[in-house]
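Reading through the structure tokens given below for one structure.
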Amino acid sequence: MGRRLVVAAGVTGLVCAGQVAGGLITGSLALLSDAAHVFLDALALALSYLALRAASRPPTPRHTYGLHRLQVLVALVNGATLAAVAAGIFREAVERVRDPVPVWAGPMLAVAGGGLVVNLAVAWLLHRHDREDLNVHSAFLHVVGDALGSVGVIAAGIVILLTGWTLADPLVSLAIGSVILVGAVRVLARTAHILIEGAPRGVSTEEVQQRLAGMPGVQGVHDLHVWTVAPGYVALSAHVVVPDQALSQAEALIRKLRRLLREEFGIGHATIQVECVGCPEVACSGPGCLGPS
């Protein structure tokens, strides 16, 4: 995946440079707006690559979960910069609506057409991995947004070429800015949910608790917490109440519970504390009893 991100970032950067040059030459705000979006996509791809490299490093005594959470922070930065760019596009587009400027439609169409072809190629490069990581998924959505932006620029260029109606350019810019803003809000919402340690999407804590409590040998489950450390890295902690039993029996039960969590809910990191029924709160009196620590 890392190599794909590098290639995608390099190609996207070249597209951005071409669109900036084309926008300045033709006077097209729509083309420059799309170039701003493409630039952020190239930046997002590069940051995603660096975050993936950092996340692959082993945990340390200081960072006991490793650096997986960097992927979430990168997504947060990407979402914030996307929102800022959308605001800038809206401001410039409103000024263009009030005071239209000439647009050279022919070269505008050529640059936008080339950008569309490259964006579709990059989207194809990433689509098989887009849901495995929040950053890659957000970058994939950005690239798809770029392709839609290129389609919008092409449409504006055709309208200007056929009718001379230059207002089509800032109006398309407003549409591109709206697409960027929607994407930014979605990325920010997902990253905020992870950072406040909300339950992962698609995982019901009530269902998890019921499944654990329904396992043979389990008499109760409490203090259950499920959260996302980083995309694809879900963690759980819970207290499980069991009858007074030997340590070997409790370990066998814990292995079954972890296998259930992994296979049914995709939870690969589970910390389960066993508590025995009828044991004293501070210490256990029976042989092999596992009381709360």
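Only the coordinates and a few stated rules stand behind these numbers; no lab work does. Here the structure is a predicted model, which is why all the values come from computation and not from measurement. Heads up, the Cβs are rebuilt from the backbone with ideal geometry, glycines too, and the neighbour counts pull from every protein chain shown.
Among the helices of the chain (complete DSSP H runs), which have Cα atoms covering no less than 20 Å along the helix axis and a Kyte-Doolittle mean of at least -0.5? Qualifying helices: 2-26, 29-55, 70-98, 105-126, 134-163, 168-195, 247-265. Highest mean packing first, where packing is the average number of other Cβ atoms within 10 Å per residue, the peptides 156-169, 198-211 line up as 156-169, 198-211.
Tell me, what are the semi-axes, in whole angstrom and largest first, of the equivalent ellipsoid of the chain as set by the roots of 5 times the Cα gyration tensor eigenvalues?
Its equivalent ellipsoid spans semi-axes of 54, 17, 14 Å.
By DSSP, the beta bridges lying fully in the chain are antiparallel in about 50 percent of cases.
If you wrap the tightest convex hull around every Cα atom of the stretch 1-83 and split its volume per residue, you get 77 Å³. Using the average count of surrounding beta-carbon atoms within 10 Å as a protection proxy, the listed peptides 85-94, 60-69, 249-258 rank, highest first, as 85-94, 249-258, 60-69.
May I ask you to derive the relative contact order of the stretch 205-276, considering only C-alpha pairs under 8 Å and at least 6 residues apart, and to give it as an integer percent?
So the answer I get is 33 percent.
Here the contact order of the chain, divided by its residue count and restricted to Cα pairs under 8 Å and six or more residues apart, works out to 17 percent. Summing +1 for each Lys or Arg and -1 for each Asp or Glu among the other residues whose beta-carbon sits under 13 angstrom from that of Gly214 gives -1. Compared with the direct C-alpha span, the chain from Arg255 to Ala21 gains 78.2 nm at full extension, assuming 0.36 nm per residue.
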